[in-house]
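Report on the following structure.
The values are calculated or read from the model by the stated rules, or taken from the named source; none is laboratory data. This one's a predicted model, so the numbers in the text were calculated from it and none came from an experiment. In this analysis, Cβ positions are derived from the backbone assuming ideal geometry, glycine residues included, and neighbour counts consider all displayed protein chains. We work out accessible area using only protein heavy atoms, side chains counted, and drop any ligands, DNA or RNA first. Shrake-Rupley method; radii C 1.70, N 1.55, O 1.52, S 1.80 Å.
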Amino acid sequence: MNTLTALARRWWLPLAAMLVGAVIGGGYALVKPPSYTATAYVVVVPGSGEAPAQALSFAQAYSRIVAEPEVLQRVSETARVGAAELAGRVQSTVSPDAPLLRITLSAERPAQAAHLANSVAGALIGYANYRTPDTRVRLASFGAASPPAAPATPIPPLDIAAGAAAGLLAGVLAMLAGLGRTPARSPRRRPAEEPAPLPTTPTPQGAAP
């Protein structure tokens, strides 16, 4: 009961931390530049007489090399974006049951994001089809990227909610750790009693002091 009472008296600490976290999340959403995401789709087509499983294997392989300099070099030159920076913006995934690649690019403007996604998809198609005589598969565009209507980040309601949740958790942990507790007053030290005077020895008459 004493512990529950002590915790109840410090209810203000999680609430204050939650409010601070929400303010920080809202500030982050205001100052962070918007980022737009666009996606292009590329399909791997097996050659005549080839098993579909081979196309899926090549889809996974091409998904891993889509951010390699050999693929991005030409896109980097035409888009005037560094190859390393462009590689950091690229994300590629493969459908689990189909040889379909999903190539996603992020940029500061919607049209730029769509242009980069389509350019990288085209560069990958050219890179792969040049090797078709050896791989016996080819790549083709399955769906072009279009400019997104809204930014992918930041999302103010989500950022505020995330900040508030983080602040609430920090406040609860601080409360459980004992922060915010009014320190107990140390008892006053009672003044030490003065020692009793020592008895004096009487001096005999006629003796030198």
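What size of dipole, in debye to the nearest 20, comes out for region 73-161 about its Cα centre when the only charges are +1 on Lys and Arg C-beta atoms and -1 on Asp and Glu C-beta atoms?
Dipole magnitude for region 73-161 comes out near 300 debye.
Express the accessible area of region 65-158 per residue in Å², computed with a 1.4 Å probe while the remaining protein chains stay in the model.
I get 56 Å² per residue for this part.
Calculated FRET efficiency, Ala98 and Glu68, Cβ-Cβ r, R0 30 Å, to nearest 0.05?
Step by step, r from the Cβ atoms, then E = 0.85.
Using a 1.4 Å probe on the protein heavy atoms only, what accessible surface does Ser48 show? Give it in Å² to the nearest 10.
We get 120 Å² for Ser48.
Largest first, how would Tyr130, Tyr41 line up by accessible area (1.4 Å probe)?
Order by accessible area, largest first: Tyr130, Tyr41.
Which GluC sites (Glu not before Pro) does region 65-170 hold that lie in a coil by DSSP with at most 11 other beta carbons within 10 Å?
Hits after loop and neighbour filter: Glu108.
Using a Förster distance of 22 angstrom, determine the FRET efficiency expected from the C-beta separation of Ala84 and Ala61, and round it to 0.05.
So, using R0 = 22 Å, E works out to roughly 0.50.
So what's the net charge close to Ser92: Lys and Arg +1, Asp and Glu -1, counting the other residues with Cβ under 13 Å from its Cβ?
For residues surrounding Ser92, the net value is +2.
For Ala170 and Ala16 in one chain, what is 0.36 nm times their gap in residues minus the Cα-Cα distance, to one decimal in nm?
Taking Ala170 through Ala16 to full extension adds about 54.4 nm, to one decimal.
Enter the Cα centre distance for the pair region 20-84 and region 93-124, rounded to the nearest angstrom.
Their Cα centres are 5 Å away from one another.
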